[in-house]
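Have a look at the structure below before the remarks.
The values are calculated or read from the model by the stated rules, or taken from the named source; none is laboratory data. Every value quoted in this text rests on a predicted model; they were computed, and no experiment measured them. So basically every Cβ, Gly included, is an ideal-geometry build from the backbone, and we count neighbours across all protein chains shown. Ligands, DNA and RNA are excluded from the accessible area calculation, which covers all protein heavy atoms including side chains. Shrake-Rupley method; radii C 1.70, N 1.55, O 1.52, S 1.80 Å.
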Amino acid sequence: MLFKSIIAFALAFAPVALAANIDVQVGPNNAFSFAPTTITADVGDTITFTFLSRNHSATTTTFESPCTVPEGGVGPGGFDTGFFDATTEVQTAVATITDTEPHWVTCRQAAGAHCRLGMVMAINPPPDMTEEQFLANALAS
Ligand SMILES: *[C@@H]1O[C@H](CO)[C@@H](O)[C@H](O)[C@H]1NC(C)=O
Ligand SMILES: [Cu+2]
């Protein structure tokens with residue numbers, strides 16, 4: 001009986017206990033980039049974006065068209081932090097992951113100009129859709 005309730009307790013609290021936060025830097029060293037450029041995230045995990053320079057966003061788009069904001073403003077199941085100007089102070093925004101699908105993050109500043117400079121990152125990229133290819137798609141767009 002005691003054993004049974006320990007199991008029930010563990011199951012009830014497992015999802016909360018396992019949720020992680022992943023820190024991503026936006027514009028480190030004044031660069032048009034995210035760091036890291038690839039992360040793996042589970043349902044319920046949070047990503048804390050820390051905006052370190054200029055005026056950027058973290059916005060999901062699509063693998064095929066990295067630098068075009070999709071209809072509806074974000075890629076499937078994705079998010080948009082909005083713009084954060086870090087020229088006077090460092091700011092943060094938190095996004096929560098709601099599925100284990102791949103998500104393709106870019107900065108949507110200046111109609112995709114930052115993205116075309118390579119300001120992209122991948123969440124849960126599958127083997128046949130790499131961050132390297134996503135970056136290449138952005139640079140070629
Ligand atoms: C940041 O960029 C956005 C989009 O270009 C712009 O609307 C906003 O005014 C900018 N913020 C600041 C403080 O300049
Ligand atoms: Cu930007």
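Full extension of the chain between Ala111 and Val43 gives 21.5 nm of extra length, using 0.36 nm per residue less the Cα-Cα distance.
Of the accessible area of the chain, computed with a 1.4 Å probe over protein heavy atoms only, carbon and sulfur atoms account for 60 percent. Taking Cβ separations below 4.7 Å as the criterion for a possible disulfide partner, the isolated cysteines in the chain are Cys107.
Using R0 = 22 Å, the C-beta based FRET efficiency linking Thr100 and Glu132 works out to 0.60. Among the GluC sites (Glu not before Pro) in region 89-141, those located in a DSSP loop and surrounded by at most 16 other Cβ atoms within 10 Å of their own Cβ are Glu89.
Quick check on the chain: helices-only [θ] at 222 nm, where DSSP H runs of length 4 and up contribute -39,500 (n - 2.57) each and the sum goes over total residues. Nearest 500, please.
It comes out at -6000 deg cm²/dmol, rounded to the nearest 500.
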